[in-house]
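Presented below is the structure to which this report refers.
The values are calculated or read from the model by the stated rules, or taken from the named source; none is laboratory data. As the structure is a prediction and not an experimental result, all values here were calculated from the model. Cβ sites come from the backbone with ideal geometry, for glycine too, and all protein chains shown count toward neighbours.
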Amino acid sequence: MEIPRHWRLKKQRYALIGEVCPYCDGKIFPPRDVCPHCGGEARNVYPFSGKGTVYSYTVMQDAPAGYESQAPYTVALVKLEEGPVVTAQLTDLGEQAVEIGMPVEMVTRKLREDGGAKGMLIYGYKFRPVGLGPH
Amino acid sequence: MGNENMHLLKTDRPVGVIGYGAYVPRYRLPAEETARVWAAKGGLPVKEKAVPGLDEDVITMSIEASRNALARAGIDPCELRAVWIGSESHPYAVKPSGTVVAEAIGASRHISAADFQFACKAGTEAIVSAMGMVGSGMGRYALAIGMDTAQGRPGDQLEYTAGAGGAAYILGPGEEALAVIEAAYSYVSDTPDFWRRQYQKYPEHGQRFTGEPAYFKHIDEAGRYILEASGLSAADFRYAVFHQPNAKFPQKAGKDLGFSDEQIKPGLLVPVIGNTYAGAAIIGLTAVLDIAQPGDRVLVVSFGSGAGSDAFILRVTDLIDERRAKAPSTQAYIARRTQIDYATYARYRGKLDLG
Amino acid sequence: MGDVIIAGIGQIPVGEHWDLPLHTLSTRAALAAIKDSGGLRPQAMYIGNFAASILSHQANLGALLTDHAGLTGIEAYTVEAAGASGAAALRVGYLAVRSGFVESALVVGVEKWTDRIGPDLEAAAALAEDYDYEAMTGLTPAGQAGLLMQRYLHEYGAPRLAFAAFPLLAHANAVNNPYAMYRKAIRPEVYENAEPVSDPLNMFDSAPYADGAAAVLLARTSGLPEGYAHPRVRISGSSVAVDTLALHDRPDPLAFEAAARSTQSACRQAGILPADVDFFELSDTFSIFAALSLEAAGFARRGEGWKLAQDGSLALGGKLPILTMGGHKARGNPIGAAGVYQIVEAVLQLRGQAGANQVKNARRALVQSLGGPAATAVTHVLERV
């Protein structure tokens, strides 16, 4: 189990809390010490909207340890409305086919257990097709 | 009236619902499919039930319902002073669901977070507590959630109905409310109709004993008292919502209190999502608020085994019109539907032994 | 300072060596390279390895592997850069010998992969990713390659079977490589019907991870033994470049920028253009990587790397042979050792010792190893003196 590791990442994982650079106004996710756009010191908290589009996607058949019971599952590169791209699973697809460019929205889901049935539950962002209505 | 309303739960200042949000997972298991697997004959208690996906539990479902409630309330999550979650399927036996949900929705650290447990009325219990917090002036806003991923033993009658879903309510000052809570009342007794012991996966129940002495007795007592104490009768209400373990019980309980099918139907979701336990009565209320008009009065009576009922009278205000469109409707969640077979259900609900 | 010569080479067959431990794989390759050099004794040993810490519970490989090779006492340590570990170790050996601090250096790439199975190995492979923001989604390197392939097909309108030619070529070339894991050519139908791994990527788009070890012994011209038996092959360019670790942090994930930069830098050192090389040992860890590497090196325009593979120009008799001994796909991919295998294969070509797969008049080679999807790119230019 990696308790402190998952604990310290909870803000960005649960709700896509990133940063905005005070020097160049660039939006940053995940949070970093140095702005990848201008090299300035990044530190201002910025909550992302969770809206984005699929940049690319794939269906994972051979899962790594900890993900076996989920396979097959879809992982995508999601381009967020604010600019950054994140890697995340797509969920709640039902029979819906995934397409590049498809609009998606962030939801907070169970990513996996850390330490089996006795271990801690790790929650974090995934994305699903938009279509329910306003959020 | 005299002393007849002395048992109502009265707040020091008016309290109401500022925002509400529902959540129903996307998968559906038809009752026919369960009947097929167990070669069961006879009538089915519901059409189908909602089943959570592999990555869902009471915490994730509460997060989404709460985000919907916040969107309707239009408040900063940091203004919440409590995050209280009622459920009988909290993911952890020890460790609060409330702190995870509070963190995820952006609540501040200066709050009370707690998990409630009272079988199917844990959600309304959280609402009563939130009324107390807001109504006493301890805090301006409090979030109360009732959510479950209910478990029924494979082959048990409960398996047809044990569904997943629930609702979140933000309570606040009456003057900001989309529905003011005009009265509240709780009624309990020691009635062992249904339970789940520590470390047990599935609940036990008293079959027909869960009816008359449990469900009907408590709903009737609570419903009758709050109506009489408020000087109201069924005719004063546009809608009524009762705890709904199946389709029959709430319709009978409603009739006994003088309510018609028209008053009950809009909040009767159990036929299409199953019994969402701690979420059942209050997700029914979300469907009613989605269509209610200013001035409409709504009666809500929950029931939790063990046993007890919480009853509320709500009066919808003018603010409903601008707020309800700010989050997905409960019917939109119900319409988002992927049917699964029993084998997929068994996989999604962890009923397969993976060794 | 004088040329750095690859004086000796050694390799063992890539495969599933159930019966051999990490140190035996390494020792066999190391001793073969020493013997091939005419008995030069190395003053240092630089080890390319990716996953021993997690799969063999073994770190501190410098002490372990020199001990087992009978070389205790010399300078030795591990260099790690995922799939480019072996090539990065070569870079360290090159710097050491070139600088004069070390007279002769042994570079060993070694990977012991098959002591575990399935999900543990997928998780080990994912060590090359950003753990918190890529691996935590359940993504593996094959998944990253699937993401790239999907985007490539979308962006350039390439046909679904655009990448088939790379594994077909690799398998055809491996038939004559006694050290290759799969010495059998495959038919196009086999590729077309292959199981998806991370759609649209299939089993044949993905090089098989395996056990292996390869070694090269570096010395300066002045340090070669009397009567040195082989044509001399020198390192004339050496460069390491990196990109962001996570694919999602790149402005254009289909541009293998680290590969482009390390190619340019290595060629500049060698005083050549990429077009001046006689063959290109690139990294076909996944077939899409081959296309993107060809584009990054400037052999094809963006979106057209796959086209080069369609008309035979990448085959042994073509304009720019690649994967001449089977590449990662058919030789097998012992991750941390793969970069040294590529160097050994290039040296065989440049010495004229490549047998039936000999590239005619091969004088100059470009050799490139990738760690992850070109998060690290290590490029060397080798020349027959």
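Residues of region C:201-243 being of a type in the set (D, E) and part of a helix (DSSP H, G or I), which ones?
C:D205
Does C:L350 fit the bill of being at pLDDT 95 or above, outside any strand (DSSP E or B), buried (at least 24 other Cβ atoms within 10 Å of the Cβ) and under 17 Å from the mean Cα position of the chain (by Cα)?
Judged against the criteria, C:L350 is a match.
Rundown of residues vs (1) within 17 Å of B:A71 (Cα to Cα); (2) over 16 Å from the mean Cα position of the chain (by Cα); (3) crowded, with 18+ Cβ neighbours inside 10 Å, yes/no style:
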{"residue": "B:V298", "(1), (2), (3)": "no, no, yes"}
{"residue": "B:G304", "(1), (2), (3)": "no, no, yes"}
{"residue": "B:I313", "(1), (2), (3)": "no, no, yes"}
{"residue": "B:I320", "(1), (2), (3)": "yes, yes, yes"}
{"residue": "B:R323", "(1), (2), (3)": "yes, yes, yes"}
{"residue": "B:A327", "(1), (2), (3)": "yes, yes, yes"}
{"residue": "B:D341", "(1), (2), (3)": "no, yes, no"}
{"residue": "B:A346", "(1), (2), (3)": "no, yes, no"}
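Looking at region A:75-93 only, could you name the residues that are closer than 29 Å to A:G116 by Cβ and either more than 9 Å from chain C (Cβ to nearest Cβ) or free of Cβ contacts under 8 Å to residues at least 24 places away in the same chain (or both)?
A:V75, A:T87, A:L90, A:T91, A:D92, A:L93
Considering C:E75, C:E134, C:E80, C:E103, which residue is touching a strand residue (DSSP E or B) at 6+ places or on another chain (Cβ under 6 Å) and more than 10 Å from chain A (Cβ to nearest Cβ)?
C:E75
Looking at C:A214, C:A128, C:A174, which is the one that is in the same structural domain as C:Q11 (by TED's automatic domain parsing), of a type in the set (G, A, S) and crowded, with 24+ Cβ neighbours inside 10 Å?
Of C:A214, C:A128, C:A174, the one residue that is in the same structural domain as C:Q11 (by TED's automatic domain parsing), of a type in the set (G, A, S) and crowded, with 24+ Cβ neighbours inside 10 Å is C:A214.
For the subset of region C:168-204 comprising residues that are under 18 Å from the mean Cα position of the chain (by Cα) and hydroxyl-bearing (S, T, Y), which member is farthest from the other protein chains (Cβ to nearest Cβ)?
For region C:168-204, the residue satisfying everything is C:Y179.
State all residues of region A:28-42 that are surrounded by fewer than 18 Cβ atoms within 10 Å (Cβ to Cβ) and not in a loop (DSSP other than H, G, I, E, B); if no residue qualifies, say none.
Those that are surrounded by fewer than 18 Cβ atoms within 10 Å (Cβ to Cβ) and not in a loop (DSSP other than H, G, I, E, B): A:V34, A:E41.
Are there any pairs with C-beta distances below 6 angstrom linking a residue in region B:160-183 that is over 24 Å from B:P245 (Cα atoms) to a residue that is in a helix (DSSP H, G or I) and of a type outside the set (A, V, I, L, M), with the two at least 6 apart or on different chains, and if so which?
Partner pairs satisfying both residue conditions: B:L178/B:R323; B:V180/B:G174; B:A183/B:S230.
Strands (runs of 3 or more DSSP E) wholly in region B:239-349 with at least 3 residues that are β-branched (V, I, T) - which ones?
In region B:239-349, B:297-301 are the strands (runs of 3 or more DSSP E) which contain 3 or more residues that are β-branched (V, I, T).
Just the residues that are part of a helix (DSSP H, G or I), among the aliphatic types (A, V, I, L, M) and surrounded by 24 or more Cβ atoms within 10 Å (Cβ to Cβ), please, taken from region C:266-293.
Passing the criteria: C:A266, C:I288, C:A290, C:A291, C:L292.
Among the residues in region B:30-47, are any at the interface with chain A (Cβ under 10 Å from one of its Cβ atoms) and touching a helix residue (DSSP H, G or I) at 6+ places or on another chain (Cβ under 6 Å)?
No, that holds for no residue.
Touching a residue at least 40 places away in the same chain (Cβ under 8 Å), among the hydroxyl-bearing types (S, T, Y) and over 23 Å from C:E192 (Cα atoms): which single residue out of C:S287, C:S369, C:S283 fits that description?
So the residue among C:S287, C:S369, C:S283 that is touching a residue at least 40 places away in the same chain (Cβ under 8 Å), among the hydroxyl-bearing types (S, T, Y) and over 23 Å from C:E192 (Cα atoms) is C:S369.
Look at region C:142-160 and say how many of its residues are buried (at least 19 other Cβ atoms within 10 Å of the Cβ) and of a type in the set (D, E, K, R).
1
Is it the case, given these coordinates, that A:R128 is closer than 27 Å to B:T99 by Cα and at the interface with chain C (Cβ under 8 Å from one of its Cβ atoms)?
So A:R128 fails the test.
Yes or no: A:V45 in a strand (DSSP E or B), of a type in the set (V, I, T) and within 14 Å of the chain's Cα centre (by Cα)?
No.
Residue by residue through region A:41-55, note down the ones that are within 10 Å of another protein chain (Cβ to nearest Cβ) and more than 22 Å from B:E64 (Cα to Cα).
Result: A:Y55, single match.
For residues that are among the β-branched types (V, I, T) and over 12 Å from B:S62 (Cα atoms), scanning just region B:10-26, find the one that is surrounded by the fewest Cβ atoms within 10 Å (Cβ to Cβ).
B:T11
I'd like to know if region B:122-144 contains one or more residues that are of a type in the set (A, V, I, L, M), under 11 Å from the mean Cα position of the chain (by Cα) and in a strand (DSSP E or B).
Within region B:122-144 (the criterion being of a type in the set (A, V, I, L, M), under 11 Å from the mean Cα position of the chain (by Cα) and in a strand (DSSP E or B)), the answer is yes, since at least one residue qualifies.
Please count how many residues of region A:94-118 are of a type outside the set (A, V, I, L, M) and at the interface with chain B (Cβ under 8 Å from one of its Cβ atoms).
The number of residues fulfilling the criteria is 5.
Within region C:300-333, take every residue that is on the phi < 0 side of the Ramachandran plot and within 9 Å of the chain's Cα centre (by Cα) and give me the one that is surrounded by the most Cβ atoms within 10 Å (Cβ to Cβ).
C:H328
Just checking, which of C:L121, C:L153, C:L169 is under 14 Å from C:F289 (Cα atoms) and outside any loop (DSSP other than H, G, I, E, B)?
C:L153
Do the conditions hold for A:T58, that is, is it facing another protein chain (nearest Cβ under 7 Å) and touching a residue at least 60 places away in the same chain (Cβ under 8 Å)?
Criteria not met by A:T58.
Looking for whichever is touching a Leu at 6+ places or on another chain (Cβ under 7 Å) and within 11 Å of chain A (Cβ to nearest Cβ) here; the options are B:S66, B:S62. Which one fits?
B:S66
Take C:N202 and tell me if it is closer than 24 Å to C:L320 by Cα, polar (S, T, N, Q) and crowded, with 16+ Cβ neighbours inside 10 Å.
No.
May I ask you to verify whether A:L121 is away from chain C (no Cβ under 14 Å), over 16 Å from the mean Cα position of the chain (by Cα) and crowded, with 18+ Cβ neighbours inside 10 Å?
Answer is no for this residue.
Mind checking which residues of region C:106-121 are among the charged types (D, E, K, R) and within 14 Å of another protein chain (Cβ to nearest Cβ)?
Result: C:R116, C:D120.
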